[in-house]
Amino acid sequence: MTLTAPSHNPPLSGPQTDLQPVSMRTEGGLRAYLRKVVAIAAKDLRAEARAKENLSAMIAFSVLAVVVFGLAFDLRVPRADMVAPGVLWVVVLFAGVLGLNRVFGAEVDRGSLSALLLAPIDRSAIYFGKVIAQMAFMLTMEAFVVPIVLVIFDVNLFSPWILAGLFLGTLGYVSVGTLFAALTASTRARETMLPILLLPVMVPIFVAGVGLTANILDGREVAEFGRWFLILAVYDLVFITIAFLIFDLIWEDA
Amino acid sequence: MTTAAMTRRRTATGGWEVALLALNVATVIAMAALVWASLLYARPAINLSGDEQTAQRIFYLHMGCNIGALAGFIVSLTGSIIYLLTRNLDWDRATQASIEVGTICGLGTIVTGIFWAKPTWNTYWTWDPRLTTATITVLLYIAYLLFRNGIDNRRTRARFGSIYALFAFLSLPLTYYSARWFRSIHPVVFSGDNPEAQGGFALGATMTQTLFIAAIAFSLLFSSLMILRWRILRLEDRAAELREEIE
Amino acid sequence: MTDTALISVHNLHKRFGRKPVLRGIDLDVAQGEVVALLGANGAGKTTLMRMICGLAKPDRGEITLGGVSLRRAGRELRRYIGLVTHAPLLYDSLSAQENLHFFAALYDLDQPEDRIESVLRAVELWARRRDPVRTYSRGMIQRLAIARAVLHSPPVLLLDEPDTGLDQSSSQMLHDLIRRLGASNRAILLSTHNLDRAVEWADSVCLLGNGKIVRREPTGQLNGDRLRQIYAEADGTP
C-alpha cells in the first residue's frame, strides 16, 4: 500500500516545519481505545466548563421543577413526603432530556460531528466518551436536586442505598439516552422527538427507582428492595451492551 | 403487451392471492362468530350482577385485543432483528405493518379496559401490570411511528426504526415485572380493587369457548390487517422506486 | 489503474431522495497533483468530497485511495485523509491549542506538542493559540481548520471551498500552503468558485456539471478568462 505519510520535504523558505512527517501510533489495543474515550469525555467536559450553558440550564430547570411540584402537592396532598420519590425521579428524567438534547445536537449544529466521524476511531469510543461526560453532568445536577427535594418534602434522601439506586438509574438513563440522542440528532424536530422516544423506554428505571426510594424511606429491609436493584442492574447491563454493539450502525450511511 | 396487463399479471399471482382472500374471509367469519358468542352465547357470570355482569362481556374483546397487541410485539421484534441482519426491506415493512396494527389492538385493549373497569371497580383506570404494560407498549409504538415519519431516507428510516424497536421491546419485559412488583407492595387505595383477581369471576364452559373464539378471531384479524398493510407498504415503496427511475 | 493515482473515483452515483446528484463520476488525482473542482452550487462538489472521505456512501461506484478500497478499509483509511469544509469542524469554546490537542489524541499522534506548535506557526496562529476559537475572525477560523486538517500530515487532502470568506492575506497564506502541500507528494482535491484562483492554485481543473465531469483541463495553458469561457460553454453560469 502506497499510503504512508510523506517522508520528505522540499527545501523552502519560511516556516516549513508544518510539512514534517508525523508519526502516528497505528496499533490498536485497549489502551489506545481508552485514550480516545477519555479524550472525547474530557473535551465535552471542558467545552461545557467554558460555555456553561448546558449544565446551568439543567440545574435551573430541575430546581424550578422541584419547587413547582412542592407547591402543587402542598395544596392538596396531606402527606407530601409520600410523593417525594416520584418527584425526585420525574425531575431527574425530564431535566436530563435537556442535557441529552445537546449531546449530539451541539455537534451537529456546529458541524463538528463530521470531524468526529472522520477520525480513525471506533465509533463506540464516541459513545462511551459521551456517556461518561453526560453522567458527570447528570450527577452534578442530581447533587443539586437531592438536597432540594430533601428540604421541600422533608425526606432524608441521603441513604447510601438511595444514592446507589440513583446512580444506577442515571447510568441506564444516560446509556440509552445517548444512543437515542444519536438517533434523533439528524432528524427533524429533534428536541421534541427525544423525550417521546426515551421516556417510555425508561419506565423500568423509573418504576425501580421510585420503588426502591419509597421502600427505603418506608424503612423496609434490604431483602425487600433488593429486587429493584436487580432490575436496575439487568437494565444497565443489557442496554449498555446492546448500545455498544449497535452504535456503529447508526452512522452507516451518513 | 401493455403495462396494465403486466401489472395485472403480477398481482394476480395465483396461490398467494387466493390464500389471502381465504384469510380475509375467515377473519370476517371468525369476528362475526365472536360477536355472537360474546353477546349471546356466553352465559352471564354467575357471581356478578347488573352493570358489572353486562360489562364482563367486554372481557372477550379485551383479551382478543391483548392477543393482537402481543402478536404485534412478537412480529415486530422479529422483523426488526431480521432486518438489521439481512437488510431486506420486506422485513422492515413487516415491522411497520405489525406495529401499526398492534397500535390499534393496544388502544383497543386500553379502551375496553377502561369500559370494563368503571362498572367493575368503580374507577376508570387501575395500574394493573398488564394494563400498564399495554399502555407503555402503545406509547412505544406511537413513538416508533412518529420517529419514522421524521426520516426521509428510506434505508435510514428502516435502520433507525429497527434499532429503536429493538430497544423498545427489550425494555418491555422489565417494564412488566417492575409494574408487577410495584403493585404487589402498593397500598390498596380503592375499595374492591384487587390487582391480581382480574375482576374475579369464575369461568364457565361457554365463557372458555368464547375466549377460545376470541383468540382465534383476533389472531386472524391481526394477520389479515397486517398482511394487507404490508402489501400496501410494498406497493408504495415500489411506486417510489419507479418514480425515481423515470427521472 | 496506476498506482500513482492516490485518489481514484470510478463510476460514482448518488441520489438524495428522488434527486440524482452524481450520475457516474470518474476522477483520478495523482500523488503530487492539485486538482480544482468547479461547478455551480448544488452540482455535487461537496457530496463528492464527503464520499471520498467516507462520510457518505455512494449508491453505486468505487472509491479507492492508494489502491485500497474505501468500502473495505474505511476506518483505517480515515487516518490518511484530511478535510476542510465550510463548516469549521472546531469547538468554539475551546482554544486553538485545546482543539488541536483533542484531534491529536484522536489520531494517536506521537509528540503532539511539537506537531501542534509547528502547525500553528505555519498558519500564523501561534500567538493566539490560547484564545477560544469563538473570538477568532473568519479568516483565522479557516486557517485553524486547515491546521486541523494537516495535523496528521495526510497524503490525501480535500478542501471544500476553503477560500470562501477569506480576506486577501489569509487567501494568500492558503495559496502558499496549498502549493507547498502539493509539492510534498500529496493528492489534493479542492473546490472553489473563484476561477482565477483555480487556475493559479491547481495543476488541472475539472468541471462538474449535470452529475458528471464534463471537462478536465491542465491549467498550464489556461488563464482566468479562457476558463470562464470554457465554464460558460459547459454549464451556462460562471
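The values are calculated or read from the model by the stated rules, or taken from the named source; none is laboratory data. Note that the structure is a prediction, hence the values are computed from the model and not measured. For neighbour counting, all protein chains shown are included, and Cβ atoms are generated from backbone atoms with ideal geometry for every residue, glycine included. The area values use the complete protein model at the heavy-atom level, side chains included, leaving out ligands, DNA and RNA. Shrake-Rupley method; radii C 1.70, N 1.55, O 1.52, S 1.80 Å.
Working only within the stretch A:157-199, note down all residues that are among the polar types (S, T, N, Q), assigned to a helix (DSSP H, G or I) and within 13 Å of chain B (Cβ to nearest Cβ). Passing the criteria: A:175, A:178, A:184, A:192. Counted as qualifying within the stretch A:47-132 are the helices (runs of 4 or more DSSP H) with 2 or more residues that are open to solvent by 10 Å² or more (accessible area, probe 1.4 Å) and away from chain C (no Cβ under 11 Å), namely A:54-74, A:84-110. Condition first: more than 14 Å from chain A (Cβ to nearest Cβ), of a type outside the set (Val, Ile, Thr) and part of a loop (DSSP other than H, G, I, E, B). Now tell me which residues in the stretch B:96-127 satisfy that. Selection gives B:122, B:124, B:125.
The single condition among (1) within 14 Å of chain A (Cβ to nearest Cβ); (2) touching a Cys at 6+ places or on another chain (Cβ under 9 Å) that residue C:213 does not meet is (1). The helices (runs of 4 or more DSSP H) located wholly in the stretch C:124-207 that include 1 or more residues which are buried (at least 17 other Cβ atoms within 10 Å of the Cβ), out of contact with any Ser or Thr (no Cβ under 8 Å at 6 or more places or on another chain) and small (Gly, Ala, Ser) occupy C:138-150, C:168-183. When the stretch A:219-254 is filtered for residues that are of a type outside the set (A, V, I, L, M, F, W, C), facing chain B (nearest Cβ under 7 Å) and under 19 Å from residue A:92 (Cα atoms), only A:235 remains. Out of A:175, A:186, one residue alone is among the polar types (S, T, N, Q), within 22 Å of the chain's Cα centre (by Cα) and open to solvent by 70 Å² or more (accessible area, probe 1.4 Å). It is A:186.
Within the stretch A:236-254, is there a residue that is outside any helix (DSSP H, G or I) and touching a residue at least 40 places away in the same chain (Cβ under 8 Å)? Yes. None of B:42, B:37, B:71 is crowded, with 19+ Cβ neighbours inside 10 Å and more than 22 Å from the chain's Cα centre (by Cα) except B:42.
With respect to (1) in contact with a strand residue (DSSP E or B) (Cβ under 6 Å, 6 or more places away or on another chain); (2) open to solvent by less than 40 Å² (accessible area, probe 1.4 Å); (3) among the β-branched types (Val, Ile, Thr), the lone exception for residue C:214 is condition (2). The residues on offer are A:206, A:244, A:239, and the sole one that is within 23 Å of residue A:40 (Cβ to Cβ), hydrophobic (A, V, I, L, M, F, W, C) and either open to solvent by 40 Å² or more (accessible area, probe 1.4 Å) or modelled with pLDDT under 90 (or both) is A:244. Within the stretch A:211-218, at least one residue is over 22 Å from residue B:173 (Cα atoms), more than 10 Å from chain B (Cβ to nearest Cβ) and free of Cβ contacts under 8 Å to residues at least 60 places away in the same chain.
Taking the stretch C:57-79 as the range and being touching a Pro at 6+ places or on another chain (Cβ under 8 Å) and open to solvent by 40 Å² or more (accessible area, probe 1.4 Å) as the test, the residues that pass are C:75, C:76.
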